[in-house]
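Only one structure is covered here, and it is reproduced in the block below.
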Amino acid sequence: MILPPDDAGIARAAEILLAGGNVALPTETVYGLAARADTEAGIAAIYRAKGRPEFNPLIVHVASLRQAGQLALLDERAELLAMHFWPGPLTLVVPLRDGAPVVPAVTAGLPTIALRMPAHPLMQAVLGKVGLPLAAPSANRSGGVSPTSPEHVRVSFGQEAPAVLDGGVCADGIESTIVALRETGWQLLRPGPIAEPAVAALLGDAMPATAERIEAPGQLARHYSPGKPVRLGAQLAEADEFLIGFDNIAGDCSLSPAGDLAEAAARLYACLHEAAASNRPRIAVTTIPELGIGVAINDRLRRAAA
Ligand code: AMP
Ligand code: MG
């Protein structure tokens, strides 16, 4: 079921969520499969629908800094980052507040919580209408290619697809940057639309992100998989390869003919979905500069190829 991007669609999405159900919602990064964070059933349904391992916590989306403060302990660094980057594609991993109205499955039992205030007007409208924080991981089967359109959500879940609020194509097209604030410094858990130097300009250099345990699926070596072998750094395609191009290498699907990295990020998952659906058994991807959001694109491509 596609919900239209108007007052009626927003109201219907809010109604389903308030009743404890799931709806796929557009954000500026990718579509999220949402449920209220304080209700066991909706959260369990997310893990089930995605086939997501239970150790893999969810990002909680909030409407305001005040709402974030009800869920987590926010220090000056968190407030500084929120002031600069919220609403927007930055997720903060911060200490969970005692008694926060969040079921344990949301944080996978961790003493921390991942929080983000999204910028997408439809997501903001639903958050406002529901009046509660919403957990929302990417609206795709676990390990697969993330959705940047309602059609991607439908393809990923097939018969079991949830209702989708139609926000068209996601502008950033790549998952949020995840920053963990630790007692002695900060770590980049997942590169994303907000590049590391922009965070370092406010907090100083990051500590190395040595994961004692896996906290983020962004950290799993294999993720974002199109279900076919992926070869990186290709200049030319073999006969049985679908080539994803960039800049002056056109390929079968170009991330950006103009060589624009923001456009490449926005088109990355659409090209991977197209490559997955093509009749060629293998995928080749040309070289993407390791610059700005290019770092996040290459991170996703490496995991898609793993
Ligand atoms: P996605 O499924 O793409 O929405 O990804 C959600 C991301 O947030 C994953 O990488 C999670 O592991 C990460 N995340 C959520 N909560 C936490 C947390 N408390 N600590 C570290 N990472 C988290
Ligand atoms: Mg995901």
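For Lys228, the criteria (1) touching a residue at least 24 places away in the same chain (Cβ under 8 Å); (2) outside any loop (DSSP other than H, G, I, E, B) hold in every case but one, which is (2).
Checked against (1) more than 15 Å from ligand 1 (Cβ to nearest atom); (2) touching a helix residue (DSSP H, G or I) at 6+ places or on another chain (Cβ under 6 Å); (3) within 21 Å of Ser142 (Cα to Cα), Asn56 passes all but condition (1). Of the numbered criteria (1) away from ligand 2 (no atom under 16 Å from the Cβ); (2) in a loop (DSSP other than H, G, I, E, B), the one Gly158 fails is (2).
Being within 30 Å of Ala304 (Cα to Cα) and either away from ligand 2 (no atom under 16 Å from the Cβ) or part of a strand (DSSP E or B) (or both) is a property that Leu132 lacks. Contact map, segment 39-67: residues that are at pLDDT 95 or above paired with residues that are away from ligand 1 (no atom under 16 Å from the Cβ) and part of a loop (DSSP other than H, G, I, E, B), Cβ distance under 6 Å, separation 6+ or inter-chain. Pairs shown: Thr39/Gly20; Ala41/Gly20; Gly42/Gly20.
Let's see how each residue does on (1) more than 20 Å from the chain's Cα centre (by Cα); (2) closer than 18 Å to Ser138 by Cβ:
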residue	(1), (2)
Asp6	yes, no
Leu33	no, yes
Leu81	no, no
His84	no, no
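Just to be sure I understand, how many residues within segment 278-297 are free of Cβ contacts under 8 Å to residues at least 60 places away in the same chain and either in a helix (DSSP H, G or I) or closer than 19 Å to Ala239 by Cβ (or both)? Adding up the residues that qualify gives 10. When each of Ala13, Ala72, Ala24, Ala68 is tested for being among the small types (Gly, Ala, Ser), over 19 Å from Ser142 (Cα atoms), in contact with a Phe, Trp or Tyr (Cβ under 9 Å, 6 or more places away or on another chain) and surrounded by 22 or more Cβ atoms within 10 Å (Cβ to Cβ), the lone residue that passes is Ala68. With the requirement that a residue be over 17 Å from Leu90 (Cβ atoms) and either surrounded by fewer than 24 Cβ atoms within 10 Å (Cβ to Cβ) or among the polar types (S, T, N, Q) (or both), what does segment 127-143 give you? Residues satisfying the conditions are Gly128, Lys129, Val130, Gly131, Leu132, Asn140, Arg141, Ser142, Gly143. Within segment 154-166, the only residue that satisfies the criterion of being in contact (Cβ under 8 Å) with a residue 40 or more places away in the chain and under 11 Å from His273 (Cβ atoms) is Val155. Of the residues making up segment 144-164, at least one is surrounded by fewer than 24 Cβ atoms within 10 Å (Cβ to Cβ), touching a Phe, Trp or Tyr at 6+ places or on another chain (Cβ under 8 Å) and closer than 18 Å to Arg300 by Cβ. Against the test of being buried (at least 21 other Cβ atoms within 10 Å of the Cβ) and modelled with pLDDT of 95 or more, the options Ala264, Ala234 yield a single qualifying residue, Ala264.
The values are calculated or read from the model by the stated rules, or taken from the named source; none is laboratory data. This structure is a prediction, so every number in the text was calculated from the model and none was measured. All Cβ positions, even for glycine, are placed from backbone atoms using ideal geometry, and neighbour counts span all protein chains on display.
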